[in-house]
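What follows is a short report on a single structure.
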Amino acid sequence: MYKASTTQFYSYFKYIGFTLMAISLLCLTVTLAGGNTINAVVWGLSGIGLLTTGSLLVIVCSRLPKHVAHQNNGIWQKDATARGISAWVLGIILTSFYILLYWFPDTLHGLIIALEPLSQGLRHKPSDQWFLYGFFYTLAVMVMGVHALLKYRNNPYHLIRTCSVIFFQLGFAFLLPGLLLAFNQPEFYFSYFWPLKYDYLFPGTVGYLIDNGQALGVFMVFWGAVLTFLATPVLTYFYGKRWYCSWVCGCGGLAETAGDPYRQLSDKSKRAWQWEVAIIYPILGFVIITTLLLWINSWSGGSLLGDLSGGFSKSYGFFIGSVFSGVVGVGFYPILGNRVWCRFGCPMAAYLGLLQKHLSRFRITTNGGQCISCGNCSTYCEMGIDVRWYAQQGKPIIRSSCVGCGICAHVCPRGVLKLENGPVDGRYNGTTLIQRDSLNILS
Amino acid sequence: MQHDKHVVVIGNGIAGITLAQKLRARSDCRITVISAESPTHFSRPALMYVYMGHMRYQDIIPYPDWYYKEQKIEQLHDYVETIDFETRTLKLQHSEPLTYDQLVLATGSSAVYYNWPGMQLKGVQGLITLQDLELMQQQTNGIKQAVIVGGGLIGIEMAEMLQSKGIQVTMLVREKQYWQSNLPEKEAGLVTQHILACGIELKLQDELAEILGDETGTVKAVKSKNGEMIPCQFVGIATGVKPTIEFLKTSGIELGKGILVNNFFETSIKDVYAIGDCAQFKEPAPGEPALEQLWYTGRQHGEVLAAVLTGDRKPYIRGPWFNSAKFLNIEYQTYGFVPHTWDEQRYSSLYWEHPAKSKAMRFFYERESGNLKGVNLLGIRFRHDLCHYWLKENYTIHQVMEQLSAVNFDSEFFQRYEPELLTQYYLQHPDRQAPAKQQGWWKLRQHFSLFSETPDNC
């Protein structure tokens, strides 16, 4: 595995990969800049093809020859993963992309045109900025999904989980909505529910789905409501919020694949946790109030509240839906870590978290007195949970924010942590092999 | 203990800091922790991860500053020069002298050197302290080859660290296999193969004879006892540790290899105690070592002494031994007592090994009584609580086998190999019948009352 010739072989292909990526950036820039003068489809699709091939080559050649125990080597010593200059540059590029996408889509005209054949093929509709976004999002999850699969290749939990998020992104959040459009049905994401996809239970969306999709529309509304109010509590009771946040959700899917190299950047301080509580629950409240106001307004025929509910809905859409979940949530991956939106903003995470903390069989158990306080678990917790605090006291970890990604158990060098679903009875009880501190970190 | 009493702890390792924490939980006395090494407690076993870039130094600090403020534990970053036991005064290098009512020595260990020629050369060092880590970062910057002397836990850690920087590593190991003084032959063989497969060169049954330097006083090669010359720019010394007690040599306190203590951690001087790596038991329990140089025992010493100091005078009883480590990618756990060789007449064991030579389990027991003595695990995680209770309650191997399905602690979706071990068991004990129903963990934990609030070791 470490023979010189093999190493050389891998590094040779890695350089080819980097070259392909450089050429692809050139192609994409040309597409973006000269959308009207050149053949955008040829340039754009070549760029995308080269980008995919190039990055896959780089990923395979840098991950595969590396021992599974060495996958995190140098993370805190590399510019790109330790908030260096390149991290800031990437953060600015990502953030700019979101700003252009949301507010100045015309600037992306070239790229949008490039995807025209794909859009027509899949959806029988012209390409638009959201198709472009969905396409790149899915591509990122798939390419970086390969990265995650190789990095965690010795751990079946992560292999299955990564395949699951790739499957849900590709099938439920890209192909299926596209096919619905092709059959002249309303576009619908079966893997997103209220309150994350807040407008799925707004009267406007419900009315639109029922009028335009008839039987299928009724089913979509029914599906969304059942998943939100019935399946979510039941599944969370059995498995914790992880069944959604790190197995199904698209935001989680991007965080677990494209965002994986940045998980160590999440803030672990007590203050960050206080901010988390101060932001995430008000956002959940905001969604609930907005939804209620919209329904009251709809039932009263608009006579009761006038424009108020519409104002609520627009503000939520702008500040939370666009700015927070997109621009900050993903744009700041290289600086603030990969779960900023999930941690501080997502109302679905808040809802699931309340269920997880109070009504769930899920917990992370700690293994007797084995913890050496090394801190790998806390460092690699994307949700900023101080896992070590619990482990060194032999206490099970039950936190509303834990998304159950399982990386803490993976990086622990002493086998101290395990994600488990057990009886609710006595789930806070820890080991008797360590004396526990009465002080609570959350005080 | 009264609040006007002053307890001074020398050393902020796991033993010293646990003592301070547990003492605070029981008393509002004044507590000062002194360390010359670092301003605050850090996780020593995690130093390797800082070098490898998995974490930064601030990530291996288990308790943030607000914690010590809230707990009113004073931390002093200073070096203790001498201790006057008569006047109960510590002379410090930078600060004013400090007086104590109770003194706890938790000074830890330092590397053992065997007077090799050339060991003073630049590029030769051990790895124990934070300063060692910083030195190692400097000394290995940009080098190509390194030699590690000694085949123990620090040795393999250093090898892994160096390898992460692309440095070619050779280990000099005295025994036939890596760590054979601790592991039975099969386990040692498995780990040895794994180390070799990872590209680390092992020179077995060989020792360091001499370190050679160049004209600038930097190491350029080592010569082994077998006469081999190995070029290198760094030599890691991992031939063991000894208690750090030099500054006490003339103080009048009773010393052996370490600071001699009884089972209450009391030294020969009143109100002076010693815990952790630097303490040596005057009368260790039969079969137990006088020096316990482990993270876990350090923590337990701290817990027990905190009780003793606050009037809860119960002797230290270690209880079933345990330890864990990681050899590159293979995790190692051990519970109870598994010797490296044994008398086949008296003892027997159940051993299973994965064909890929990456995982193994061994249950070691007395042939006659069937009593379980210990468990060795490679690449498989077991539940500490359950193993602890098996050993503490003197389970026989037959009783253990009935609860075997409850013991695995591997992540979800990992393949379970306990059934293969059971097959092995029925082959070795054809008279035994399969239990009617294997027990699950969630039921068993009630049975053992694992979740009582009273810690087991105090």
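Among the protein heavy atoms of the protein assembly as shown, carbon and sulfur supply 60% of the accessible surface, probe 1.4 Å, non-protein parts ignored. Once the partner protein chains are put back, the stretch B:1-39 shows a loss of at least 30 square angstrom of accessible area, versus the chain by itself, at B:Lys22 (probe 1.4 Å, ligands and nucleic acids excluded). Average accessible surface for chain A: 39 Å² per residue, computed with a 1.4 Å probe over protein heavy atoms with every protein chain in place.
Could you tell me which helices of chain A pass both thresholds, a Cα extent of 30 Å or more along their own axis and a mean Kyte-Doolittle hydropathy of at least 0.5, with helices taken as whole DSSP H runs? What comes out of the filter, once short or polar helices are dropped, is A:4-33, A:40-63, A:129-151, A:270-299. For the stretch A:60-105, a drop of 40 Å² or more in accessible area on going from the chain alone to the assembled protein chains (1.4 Å probe) is found at A:His67, A:Ala69, A:His70, A:Asn73, A:Trp76, A:Gln77.
With the simple model of a label 7 Å out from the Cα in the direction of the Cβ, B:Ser369 to B:Gln424 spans 2.3 nm. Cα centroid separation, the stretch A:287-362 to the stretch B:258-312: 56 Å. For A:Lys78, the aspartates and glutamates whose Cα falls under 17 Å of its own Cα, not counting residues fewer than eight places away in the same chain, are A:Asp260, B:Asp59.
Heavy-atom accessible surface of the stretch B:235-353, averaged per residue, reaches 39 Å², computed with a 1.4 Å probe.
The simple Förster model, with R0 at 41 Å and r as the Cβ-Cβ distance, assigns A:Tyr15 and A:Leu159 a FRET efficiency of 0.90. With the helix formula -39500 (n - 2.57) applied to DSSP H stretches of n ≥ 4, chain B reaches a computed 222 nm mean residue ellipticity of -7000 deg cm²/dmol. Buried surface for the A/B pair, taken as the accessible area of each chain alone minus that of the pair with a 1.4 Å probe, is close to 5700 Å² in total. Mean per-residue shielding of peptide B:316-328 is 2, counting Cβ atoms of other chains within 10 Å of each Cβ. Its DSSP H runs of at least 4 residues, each contributing -39,500 (n - 2.57), put the calculated 222 nm mean residue ellipticity of chain A at -17000 deg cm²/dmol, to the nearest 500. Positive end of the charge dipole of the protein assembly as shown (Lys, Arg +1 and Asp, Glu -1 on Cβ, about the Cα centre): tell me which of B:Thr218, B:Tyr178, A:Gly353 has its Cα farthest that way. After comparing all options, I get A:Gly353. Counting only other chain Cβ atoms within 10 Å of each residue's Cβ, the peptide B:406-413 averages 6. When peptides A:209-219, A:288-298 are ranked by their average number of other Cβ atoms within 10 Å per residue, the highest-first order is A:288-298, A:209-219. Accessible surface area normalised per residue over the stretch B:1-82 is 36 Å², counting heavy atoms of protein chains with a 1.4 Å rolling probe.
In the protein assembly as shown, the DSSP beta bridges split such that about 60 percent are antiparallel, to the nearest 5.
Each Lys and Arg contributes +1 and each Asp and Glu -1, all at the Cβ; summed about the Cα centre of the stretch B:169-277, the dipole is approximately 120 debye. Counting Cβ atoms of other protein chains within 10 Å of each Cβ in A:411-423 and taking the mean gives 6.
The lysine pair count for the stretch B:119-216, using Cα distances under 24 Å and pairs eight or more places apart or on different chains, is 9. About its Cα centre, the protein assembly as shown has a charge dipole of approximately 1040 debye under the convention of +1 per Lys or Arg Cβ and -1 per Asp or Glu Cβ, with nothing else charged. Just going by the charge dipole of the stretch B:10-100, with Lys and Arg at +1 and Asp and Glu at -1 on Cβ, which of B:Ser35, B:Phe85, B:Tyr63 is farthest out on the positive end? Looking along the dipole axis, the top candidate is B:Tyr63.
The contact residues of the stretch B:371-385, meaning those that lose at least 10 Å² of 1.4 Å-probe accessible area when all protein chains sit together rather than their chain alone, are B:Arg381, B:Arg383, B:His384, B:Asp385. Considering only beta bridges that DSSP places wholly inside chain B, some 55 percent are antiparallel. Per-peptide packing, taken as the mean over residues of other Cβ atoms within 10 Å, places A:109-115, A:377-383 in the sequence A:377-383, A:109-115 from highest down.
If R0 equals 22 Å, the separation of the Cβ atoms of A:Thr7 and A:Thr52 corresponds to a calculated FRET efficiency of about 0.30. At an R0 of 45 angstrom, the distance between the Cβ atoms of A:Phe104 and A:Asp425 translates into a FRET efficiency of 0.20.
Output the pairs from B:Lys359/B:Lys392; B:Lys22/B:Lys257; A:Lys125/A:Lys314; A:Lys270/B:Lys91 with a Cα-Cα distance over 29 Å in this structure; if there are none, say none. Beyond 29 Å between Cα atoms: A:Lys270/B:Lys91.
The values are calculated or read from the model by the stated rules, or taken from the named source; none is laboratory data. No experiment lies behind these values; they were computed from the predicted model shown. Backbone-built Cβ (ideal geometry, glycine too); neighbour counts: all protein chains shown. Surface areas here come from the heavy atoms of the whole protein model, side chains and all, with no ligands, DNA or RNA. Shrake-Rupley method; radii C 1.70, N 1.55, O 1.52, S 1.80 Å.
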